[in-house]
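Peer 1: To start, I am sharing the structure in question, which I have written as structure tokens.
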Amino acid sequence: MKTVTKNSKETVELGKKIAQKLKGGEIIALEGDLGAGKTTLIKGLARGLGIKKTITSPTFLIMRMYRIKNQESRIKNLVHVDAYRLKNSDELTNIGIEEYLGDKNTVVVIEWADKVRKILRGKKVIWIKMKVGVGENERVIEIL
Amino acid sequence: MILLGIETSCDETAAAVLEIKGKKYKILSNIVSSQIEIHRKYGGIVPEVAARKHVEAIVPVVKESLEKALISQKEIDLVAVTRGPGLITSLFVGVEAAKTLAFAWQKPLIGVNHLAGHLYGSLLNTESRQQKADSRNLREIKFPALCLIVSGGHTELVLLKSYQDYKIIGQTLDDAAGEAFDKTAKLLGLNYPGGPEISRLAKKGNPKAFDFPRPMINSNNFDFSFSGLKTSVLYKIKDLSTLRPAACGASEDGRLKIKDLKVMQDMAASVEQAIVDVLVEKTIRAAEKFKIKTIMLGGGVSANEKLRKTMSDRAANVLLPDVRFSTDNGVVIALAGYYRIANHKLRIKDNWKKIEVDPNLSL
């Protein structure tokens, strides 16, 4: 499925829509260059999951975890990972990612996922490719 | 009181010995083993490499800090260590080392928030450089005070009512200011670390050549947003490639790249101006609202000359950290440890058991 969003607001909305379909245990892999809107999409996703805390770039810390307090949802954690600075998958193993991958109460979303393909091998992954569109602020988002 | 400060939250392995007597302080040693050269070739800090380098460096760095200070471990009253926020694998190295020392030496240990270090860094008075080992007075804060902490991982405006009573009143909603420098630098094909590279080019550029957005500069809060800058730089380069194809080319990673030096300088100057404008404007606005008497800067980006000059031009009583204390070091961690226990009695010996790493620690 390919979607073109016209501005960051629409990208956030798309993230919210994706969130509505999640049941827990999903791994979402994002691929796209600097400025492609990956963090923006995740802001929407987090909002859709009921997270009120501001989602900031995890580049510096590699991994940030957000708790979801909504009683009705099975999803209790959103783990936001950024592989921008990583050389390979082992580094994610070192910071304890395995504990969350596929956990039924957790949604893991990984920016720059193409850098850590190895850790995702054999797992069910929702792969999303993003790039800057033609018009100002446009983003092309392809869910594979 | 003599403190040993240990810092390993990011890419510097640092240890320092600091003596404080009343309002006077003396830096007995300040050892920083930087990994910038190592990370430069990867275009940024690689966490796994960082942790391994910390492991190699921590013992020699601590040892050297004691030797340079000409003291033995017996004379140390308190060990202070950064326990967060930062890279978990890097933080562990410093914290485990500090715990081991505290246990072996039977000294009290205190866990320090990395940001608290940056909060107090500008209190180290650095005017008379030649009298290096002499005691100096800590600069005085007139409260309420405001500290802008800006680095690769942080952009926070902190309101201080006293040395111990502070809270964050604004922060970035997406990318940190230093991250904005690093990532736009990457888009411009510059080396890591991006901030100093952009500043270097910006010196010869025209900051008005390109019009970059100043997001949230007029918003009614003290939060920041820098992620839009990347997009804006992307489009500016794209536009340029059609308007002035001769000035552009493709780089190895497939991105469009600016070839023309003048254009590059102008672009760098304009990016720097956009980031500085937002940081300064928001700080000044907060200063007016809270009737601030002292403005302080801290964190790696506070080494940026344009930011320092613009802030000093706009407000009175601005305390700027010495560039040595802008970037990560053990001295400010020791100082933060000092302020943390200043109002308490030292709980001796076994408290090393309680110190834990927290990569998401908030101020």
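Peer 1: Can you give the Kirkwood hydrodynamic radius of the range B:222-363 from its Cα pairs, in Å with one decimal?
Peer 2: Computed over Cα pairs of the range B:222-363, the Kirkwood hydrodynamic radius comes out at 19.2 Å.
Peer 1: Exposure proxy check: B:ILE341, A:ILE18, B:ILE6 ranked by fewest other beta carbons within 10 Å?
Peer 2: B:ILE341, A:ILE18, B:ILE6
Peer 1: How much of the DSSP beta bridge set in the protein assembly as shown is antiparallel, as a percent to the nearest 5?
Peer 2: Close to 60 percent.
Peer 1: Springs between alpha-carbon pairs under 10 angstrom, Gaussian network model over chain A: which of A:VAL134, A:VAL109, A:VAL81 fluctuates most?
Peer 2: A:VAL134
Peer 1: List the pairs from B:LYS24/B:LYS74; A:LYS131/B:LYS259; A:LYS6/B:LYS306; A:LYS43/B:LYS161 whose alpha-carbon separation is above 26 Å, in the order I gave them.
Peer 2: A:LYS6/B:LYS306; A:LYS43/B:LYS161
Peer 1: Taking amide H positions as placed 1.01 Å from N in the peptide plane, with prolines and chain starts having none, which residues 5 or more places from B:GLN171, or on another chain, fall under 5 Å of its amide H?
Peer 2: Distant-sequence amide H within range of B:GLN171: B:LEU157, B:ASP223, B:PHE224.
Peer 1: Could you tell me the center-to-center distance, by alpha carbons, between the range B:87-123 and the range A:94-125 in angstrom?
Peer 2: Cα centroid of the range B:87-123 versus Cα centroid of the range A:94-125: 31 Å apart.
Peer 1: If every alpha-carbon in the range A:1-61 counts as one equal scatterer, what log10 I(q)/I(0) does Debye give at q = 0.29 1/Å?
Peer 2: -1.45
Peer 1: When 1/r is averaged over all different Cα pairs and the result inverted, which Kirkwood radius in Å belongs to the range B:193-291?
Peer 2: It is 14.6 Å.
Peer 1: If you plug each phi of the range B:153-170 into the Karplus form 6.51 cos²θ - 1.76 cosθ + 1.60 with θ = phi - 60°, what whole-Hz ³J(HN,Hα) values come out, in order, with x for Gly and Pro?
Peer 2: The phi angles translate into x, 9, 9, 9, 9, 10, 9, 10, 9, 8, 4, 9, 9, 9, 8, 7, 10, x Hz.
Peer 1: Report the relative contact order of the range B:49-95, percent, no decimals, based on alpha-carbon pairs under 8 angstrom and at least 6 residues apart.
Peer 2: Result for the range B:49-95 is 49 percent.
Peer 1: Sticking with this one: Give A:LYS129/B:LYS236; A:LYS53/B:LYS99; B:LYS63/B:LYS167; B:LYS23/B:LYS282; A:LYS53/B:LYS230; A:LYS87/B:LYS353 a once-over and call out the pairs whose C-alpha atoms are over 26 Å from each other.
Peer 2: With Cα atoms farther than 26 Å apart: A:LYS53/B:LYS99; B:LYS63/B:LYS167; B:LYS23/B:LYS282; A:LYS87/B:LYS353.
Peer 1: Using a Gaussian network for chain B with springs between C-alpha atoms less than 10 Å apart, which of these wobbles most: B:ILE169, B:ILE295, B:ILE31?
Peer 2: Comparing B:ILE169, B:ILE295, B:ILE31 in a Gaussian network model of chain B, the most mobile one is B:ILE169.
Peer 1: Next question. How big is D, in µm² s⁻¹, for the protein assembly as shown by Stokes-Einstein at 37 °C and 0.692 mPa s if Rh is the Kirkwood radius over C-alpha pairs?
Peer 2: My calculation gives 138 µm²/s for D.
Peer 1: Let me ask something else. What ratio of Cα Rg to 2.2 N^0.38 Å holds for the range B:82-182?
Peer 2: Its radius of gyration relative to the 2.2 N^0.38 Å reference: 1.30.
Peer 1: Arrange the following residues from fewest to most other Cβ atoms within 10 Å of their Cβ: B:VAL278, B:VAL49, B:VAL331, B:VAL59.
Peer 2: B:VAL59, B:VAL49, B:VAL278, B:VAL331
Peer 1: Okay, next question. Which value in Å does the Kirkwood hydrodynamic radius of chain B take, with 1/r averaged over all unlike C-alpha pairs and then inverted?
Peer 2: 21.2
Peer 1: Once chain A is represented by equal point scatterers at the alpha-carbon sites, with solvent omitted, what log10 I(q)/I(0) does the Debye formula produce at q = 0.14, 0.17, 0.21 Å⁻¹?
Peer 2: Each listed q corresponds, in turn, to -0.60, -0.90, -1.38.
Peer 1: Kindly provide the helix-only [θ] at 222 nm of chain A, computed as the sum of -39,500 (n - 2.57) over DSSP H runs of four or more divided by all residues, to the nearest 500 deg cm²/dmol?
Peer 2: -6000 deg cm²/dmol
Peer 1: Then there's this: Can you list the aspartates and glutamates whose alpha carbon sits under 17 Å from that of A:LYS115, skipping same-chain ones fewer than 8 residues off?
Peer 2: The reachable aspartates and glutamates, counting only those whose Cα sits under 17 Å from A:LYS115, are A:GLU31, A:ASP33, A:ASP82, A:ASP90, A:GLU91, A:GLU98, B:GLU48, B:ASP253.
Peer 1: What ³J(HN,Hα) values, in whole Hz, does the Karplus curve 6.51 cos²θ - 1.76 cosθ + 1.60 give for the range B:49-56 when θ = phi - 60°, with x put for Gly and Pro?
Peer 2: Those phi angles translate into 4, 4, 4, 5, 5, 4, 4, 5 Hz.
Peer 1: Kirkwood Rh, Cα Rg: Rg to Rh for the range B:145-316?
Peer 2: On the Cα set of the range B:145-316, Rg over Rh gives 1.01.
Peer 1: Further question: When a footprinting reagent is the concern and you count Cβ atoms within 10 Å, what order do B:VAL332, B:VAL93 take, fewest first?
Peer 2: By the 10 Å Cβ count, ascending: B:VAL93, B:VAL332.
Peer 1: Based on a Kirkwood Rh over C-alpha pairs, give the Stokes-Einstein translational diffusion coefficient of the range B:139-219 at 20 °C and viscosity 1.002 mPa s in µm²/s.
Peer 2: Here the translational diffusion coefficient equals 145 µm²/s.
Peer 1: Something else about it: I'd like the orientation of helix B:228-243 relative to chain B: the angle between its Cα long axis and the longest Cα principal axis, in ° from 0 to 90, rounded to 10.
Peer 2: 30
A short reminder: the numbers here are calculations on the coordinates, not readings from a lab. Computed from a predicted structure; not experimentally measured. As a convention, Cβ positions derive from the backbone with ideal geometry for all residues, glycine included, and neighbour counts pool all protein chains shown.
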